[in-house]
Structure formats: C-alpha cells, structure tokens
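Below: the structure, in structure tokens.
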C-alpha cells in the first residue's frame, strides 16, 4: 500500500498542481474575455470548440501512443519509447495540423456562421480564429512530449513548463485585451496573439528537453525525424480506435455547442461558462488518469496481470470518492465565480442551476473518464472503450439533448439534465468490462 500511495502521489500530484494552475489562469482569461460581453464569450468559445476537435484528436493519438510507452516503461525500454515518440511526431507532420490551420484561417466565417447567426459573434470569432490558426502547427509535438514525460514518471517537467507558459499567456491577455501601458487595446485579437506567443514558448521548451540530456528520454536529431513504417502499423492497431473515439467524441461535443447555438446566444453563453467552471472539477482527473496509465500499463508491460487489475480497482474507487468531493466543490464555487462575469442576471441564475446538475453528476463522469482513458486503454482494449464512448454519446446523449432543446424547447437546466443518461449507460457497461478482465493485455510483445 505504501508503494502504491507513493507512486500515485509522485505522478498525480505534480499534474494536479499543473491542472490547478492551468484551470485558474484559464478562468482568469475567461473572465477577462467575459468583460467584453456575451458575444465575445460565445465567439471565443466557438473557435476554441473547433480547436478542441484537433486537441482531442491529438489526445486520442497520444493516448494510443501512451499505451505503448507505459508498457515499454514497465521494462525500462527507452529505445522503443524514443521510437514511439518520433513515429507519432512524423505522423502529425503529414498534414493534420495544416488541415486544421487552413480551416481556421481561410474558412472561419463559414464555420462560425454554421453555429451562430449572431453577426457580432461571427465578426469577433473570425478575428480570433485567423490568429489562433497558427497554433495548430505547435500543439501536436507538445502534446506527445507532455504525455511521454508523465508516462516515464517525470511529471514535474510539464508542470514547470505549463506554469511558465500559462503565466505568460495570462499577462499577455491582460496587456493586449485591455491595452495596458504602451500596448494597444485589441480585444479578442489580443487574446489570440497572447495564446500564439505562449504556444511558441511551450514548443521550444519541450524541444530543448527532448534534444538535450535533461532526462533519460533523449533522442538525436536524426531519430527525432525518423519514421519506421512497420512500427507505425503496430502502433495504429491500438491507436486508431482511440483516434476515431476522440475525433467523433469531439465532434459530438461540437454538436452540443451547435444545439445550444440553435437555441440561442444565451444558451451558448451558459454552456461556455459552465464548461469553464466544470473544468475545476477535473483538476485532479488529469493526475489520476496519468497515474493510472503508468500504474496499470507498466504492470501489464511486465505481465503482472493481477497487480494491474488490483491497481485499476483501487484507482477507480478512489476516483468516485474524489468525484463526490469535487462535485460539491464546484457547486459551491460556481455561486461565487458567476458574480465575476459581466453577463445578464438570467444567465447567471441559469448557470447556478445547471452547475448543481453538473456537480451531482461528477462521480459518474469521473469514473467513466478514468475507466476509459486510464484503465481500458492501458490494456489496449481501445475498441471497447470506443464503443462505450461513442454509442452512449451519439445513441443516447445527443438525441435527447436535441429533442429536449430544439424540438420540445425545454428550459436550459432540463436540457443539460438530458446529458446524464449517457453517463449512466457508460458506467454500467464499463464496470462489467473491467470485472471481465478481458482488457488485461500486453501489447508490446
């Protein structure tokens, strides 16, 4: 038990601190943009929702890669860990970031107009999107590096980098949004420029870590751009279902935004504020999921199947307890934070009601997240995880929300309530899968 607790804290604590810093500074950014009014919040939220598709695609690819890295780490096989990183990076360079960048730069008006008919929202969104499009060239590499460093039990490095980058972004937002001192007042454009500069700093910091002997995870410039076709195919057997999972899940989240936008700008604003406040409930989740990948995946790499199973059950039970605590926390916190937004009173009261629903759902949502991202994927059971995620979302959640919001025109709190049946379905089948033990597999042999 002491070894279990030590490893859990050594991995989860730095990532939790990093997430706390990230969520806090993101909230400050959101509040600064919120001072520009509801249209600015909705516009930035829509562009970030489009960027969210790329980020979750990358998260899926990184998670699939993480299955291999965690199991290689169980055997301390640094050579194949380096090969895994360079293979994924080369894959990203093959056009994914260029595709998203073109969409965000050349077609922002068409995309944003599809979601919102409010001309003020569209105008602000286009200005923000054209600048933010350049960040797509930088995000893939930083995603893979952060994941790899956490998996080899070096989570403090991403924590330090995140602190530097997010602090710079927050100061940059303050200076450029409001025009402090010699800086011009740029509104949402200022927020976009600050984000782009922050991503550049993040990219070069991770590049330095990889190419210099900062950790055991160091590869040469030649290895950095090497591509092994056979190894890539082996990776894709496990990673492809995760990529499809995250891509279609992100499209599903964007569909939720589309539904809210069709209900009205007020509904979209409520969703964006709720998403920001809800993220505080998942501060600990990032640390727990990273710890699960290591503590379950490394044992599977060593073929210690019974220990991997016991670790998984302990971590899932702990996640439910954490979900109860954080659920209560965000309900109480939301009542204070909503006062800091410059929005109409009806929006504030709606957000408070919706946050009660969100808070009560936290234990189930956090269990599902850890089970899919941390447990099932660690064993390479990515097809089952994909089925659980996508069927519950597209077969249950989205139809219920569309029916209640667009067709029946229910009040917003009841529309948000219709997102919960998918979580209950996912939890029920997910628990059955865990106890079947069919997910306990070594994928690197």
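For the reader, a short list of remarks on this structure follows.
- Meets criteria (part of a helix (DSSP H, G or I), more than 24 Å from the chain's Cα centre (by Cα), surrounded by 19 or more Cβ atoms within 10 Å (Cβ to Cβ) and modelled with pLDDT of 85 or more) for residue 300: yes
- Which listed residue, of 378, 428, is closer than 27 Å to residue 238 by Cβ and without any contact (Cβ under 8 Å) to a residue 60 or more places away in the chain: 428
- Whether a residue is in contact with a helix residue (DSSP H, G or I) (Cβ under 6 Å, 6 or more places away or on another chain), at pLDDT below 75 and closer than 21 Å to residue 71 by Cβ was assessed, and residue 223 passes this test.
- The condition of being assigned to a helix (DSSP H, G or I) and under 13 Å from residue 198 (Cα atoms) holds for only one of 149, 166, that being 166.
- Top-ranked residue in segment 112-129 [being at pLDDT below 85 and in a helix (DSSP H, G or I); ranked as nearest to residue 289 (Cα to Cα)]: 115
- So residue 352, is it free of Cβ contacts under 8 Å to residues at least 40 places away in the same chain, over 22 Å from the mean Cα position of the chain (by Cα), surrounded by fewer than 23 Cβ atoms within 10 Å (Cβ to Cβ) and assigned to a helix (DSSP H, G or I): yes
- Filter result for residue 361 (over 15 Å from residue 280 (Cα atoms), out of contact with any strand residue (DSSP E or B) (no Cβ under 7 Å at 6 or more places or on another chain) and not in a loop (DSSP other than H, G, I, E, B)): no
- Scope segment 330-347; condition in contact with a helix residue (DSSP H, G or I) (Cβ under 8 Å, 6 or more places away or on another chain) and surrounded by fewer than 16 Cβ atoms within 10 Å (Cβ to Cβ); matching residues: 335, 339, 340, 342, 344, 346
- Checking residue 247 against (1) farther than 30 Å from residue 410 by Cα; (2) surrounded by fewer than 20 Cβ atoms within 10 Å (Cβ to Cβ); (3) touching a helix residue (DSSP H, G or I) at 6+ places or on another chain (Cβ under 6 Å); (4) modelled with pLDDT under 85, the condition it does not meet: (1)
- The single residue among 152, 132 that is within 25 Å of residue 81 (Cα to Cα), crowded, with 19+ Cβ neighbours inside 10 Å and either at pLDDT below 90 or touching a strand residue (DSSP E or B) at 6+ places or on another chain (Cβ under 6 Å) (or both) turns out to be 152.
- Scanning segment 16-38 for residues that are at pLDDT 80 or above and within 17 Å of residue 322 (Cβ to Cβ) yields 16, 17.
So that you can scan it fast, the table gives a plain yes or no per residue for (1) crowded, with 17+ Cβ neighbours inside 10 Å; (2) assigned to a helix (DSSP H, G or I); (3) touching a residue at least 60 places away in the same chain (Cβ under 8 Å):
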site	(1), (2), (3)
177	yes, yes, yes
183	no, no, no
201	no, yes, no
207	no, yes, yes
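- Test result for residue 343, modelled with pLDDT under 95 and either assigned to a helix (DSSP H, G or I) or more than 24 Å from residue 20 (Cβ to Cβ) (or both): yes
- Of the candidates 372, 396, 406, the single residue that is buried (at least 20 other Cβ atoms within 10 Å of the Cβ), in a helix (DSSP H, G or I) and out of contact with any strand residue (DSSP E or B) (no Cβ under 6 Å at 6 or more places or on another chain) is 372.
The values are calculated or read from the model by the stated rules, or taken from the named source; none is laboratory data. These numbers were taken from a predicted model, which means no experiment stands behind them. Note that we place each Cβ from the backbone using ideal geometry, even for glycine, and neighbour counts take in every protein chain shown.
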